[in-house]
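The values are calculated or read from the model by the stated rules, or taken from the named source; none is laboratory data. Given the structure is predicted, the values throughout are model-derived calculations rather than measurements. With ideal geometry, Cβ positions are generated from the backbone for all residues, glycine too; neighbour counts draw on all protein chains shown. Side chains included, ligands, DNA and RNA excluded: accessible areas come from the protein's heavy atoms. Shrake-Rupley method; radii C 1.70, N 1.55, O 1.52, S 1.80 Å.
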Amino acid sequence: MEPVSAEEIRGSFVNSSRSQIKAMTLPPKFTELPWESLDYLGWRDPKAPNRAYLVVRRDVGLTGIALQTAATGKPRRGTGLCDLCHTAHQVTDVALFAARRAGPAGRKGDTVGTYICADLACSLYLRGLRELEVPQGDTVAPEIRVERLGTRLATFVDRVLA
Ligand SMILES: [Zn+2]
């Protein structure tokens, strides 16, 4: 994706209050990110690890979505799949994120839940830029997986905006 500025990021959120955006911490080393290898910008809030953010460039502009994880405290075992990039991980490396829906639905408390790579590094896993700990069942070519990630991402954003 094309690099984005801190200002653009802060102005992109569709499901957050002004105070939430003010409290948001930008990704560490924000200006040094490997933008050319990113399908979306995703990060956990360094100061509030149960909060995460996903920013994606669409035809209409930049769309930012704030996410929240629910820590269950229960030990989990086995493997899990990211709903966005379909990368398989140890189950603790995939997190269930809830996105408050935009507009009136969100104000009523409606959320969209989805499993995403816990570090929101889908793009890096698909390009072999971050190491994987479990064997992958998916043998589809990386370019196709990147394309599919884009489609699933768009569907997710549409569900939040709907
Ligand atoms: Zn993923």
Report summary line: Picking from L129, L149, the residue that is open to solvent by 30 Å² or more (accessible area, probe 1.4 Å), touching a residue at least 12 places away in the same chain (Cβ under 8 Å) and in contact with a Ser or Thr (Cβ under 8 Å, 6 or more places away or on another chain) would be L129
Query raised in the report: Which of the residues belonging to region 100-117 are within 10 Å of the chain's Cα centre (by Cα) and of a type outside the set (S, T, Y)?
Result: I116, C117
Query - Residues that are of a type in the set (A, V, I, L, M) and touching a residue at least 12 places away in the same chain (Cβ under 8 Å), drawn from region 132-146 - result: L132, V134, V146
**Report entry** Hits in region 97-131 (condition: away from the ligand (no atom under 11 Å from the Cβ) and more than 23 Å from F13 (Cβ to Cβ))
**Finding:** R127, G128, L129, E131
Query raised in the report: Only one residue in V134, V140, V112 is open to solvent by 30 Å² or more (accessible area, probe 1.4 Å) and of a type in the set (A, V, I, L, M). Which one?
Result: V140
**Report entry** Yes/no for L67 being within 13 Å of the ligand (Cβ to nearest atom) and either closer than 24 Å to E133 by Cα or surrounded by fewer than 15 Cβ atoms within 10 Å (Cβ to Cβ) (or both)
**Finding:** no
Query raised in the report: Residues in region 1-22: is at least one surrounded by 19 or more Cβ atoms within 10 Å (Cβ to Cβ), aliphatic (A, V, I, L, M), within 16 Å of S123 (Cβ to Cβ) and in contact with a helix residue (DSSP H, G or I) (Cβ under 7 Å, 6 or more places away or on another chain)?
Result: no
Query raised in the report: Which residues, taken from region 23-49, are free of Cβ contacts under 8 Å to residues at least 40 places away in the same chain and open to solvent by 50 Å² or more (accessible area, probe 1.4 Å)?
Result: A23, P28, K29, T31, E32, E36, P46, K47, P49
